[in-house]
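A.B. asks: Right, I'll just put the structure down here and ask away after.
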Amino acid sequence: MSATSTYSPPEGEIALSGPVSRPELGTLPIRGDLAHIALAGRYLVPHYIQPQPRRIGADSARLLCAPQNDSQTIQMLAPGTMFEALDFAGKWCWGCLGPDGPTGYVETAQLAPIGE
C-alpha cells in the first residue's frame, strides 16, 4: 500500500442475496458496525471506512484479536510495516494490512503517519 492508495466503493447495484457467513476473527477487516471500503460489495454494515495509511514505528508491534494487552496475538508486525488504520478508540487502533487482512488491534503509540 502506498501513502496515496485509495479504495473505491463498488460500482453498480448492490443487492442482498441471502445469508453471508462472517469471516473468522482476525481475517477480513469487518466488524458489526463498520468495514473496510473494499468490502462494500460483499458485506453489509452500517459504515464503510476509507483506511488511513500508517506504518509500524521503530519497534515491532503485536496485532491483537482484542484491544487489550493480554489478548491473543494474530501476527507480529515488523518496524516499517504498512498498516491501514480503520478506527481509533483510546490507546487502540483497529485496522489491517489490507482488505484481505489480517485484521486486529495495535496500540496507537506504535503507529506512525506515512513520511515520518
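A.B. asks: Between ASP33 and ASP100, what is the label-to-label distance in nm when each label sits 7 Å out along the Cα-to-Cβ direction?
C.D. replies: A separation of 2.9 nm, rounded to one decimal place.
A.B. asks: Could I ask something else about it? Would you please classify the overall shape of the range 13-116 from the alpha carbon gyration tensor, given that a ≥ b ≥ c denote the square roots of the eigenvalues, rounded means a/c under 1.5, and beyond that prolate means a/b larger than b/c while oblate covers the rest?
C.D. replies: Judged from the Cα gyration tensor, the range 13-116 comes out prolate (a/c at least 1.5, a/b above b/c).
A.B. asks: Could I have the simple spin-label model distance between ALA89 and VAL45, label points 7 Å from Cα toward Cβ, reported in nm to one decimal?
C.D. replies: Going from the ALA89 label point to the VAL45 one covers 1.1 nm.
A.B. asks: Nearest 0.05, what FRET efficiency do ASN69 and SER21 give at R0 = 35 Å with Cβ-Cβ as r?
C.D. replies: FRET efficiency, ASN69 to SER21: 0.70.
A.B. asks: Label the range 48-106 by shape, choosing from rounded, prolate and oblate, from the square roots a ≥ b ≥ c of the eigenvalues of the Cα gyration tensor; if a/c is under 1.5 it is rounded, and otherwise prolate applies when a/b is larger than b/c, oblate when it is not.
C.D. replies: Note, shape of the range 48-106 comes out rounded.
A.B. asks: Counting Lys and Arg as +1 and Asp and Glu as -1, what is the net charge of the other residues whose Cβ lies under 12 Å from the Cβ of GLY95?
C.D. replies: Summing Lys/Arg as +1 and Asp/Glu as -1 gives 0.
A short reminder: the numbers here are calculations on the coordinates, not readings from a lab. Bear in mind that the values here come from a model prediction, so they are computed numbers and not experimental data. Neighbour counts run over all protein chains shown; Cβ positions are idealised from the backbone, glycine included.
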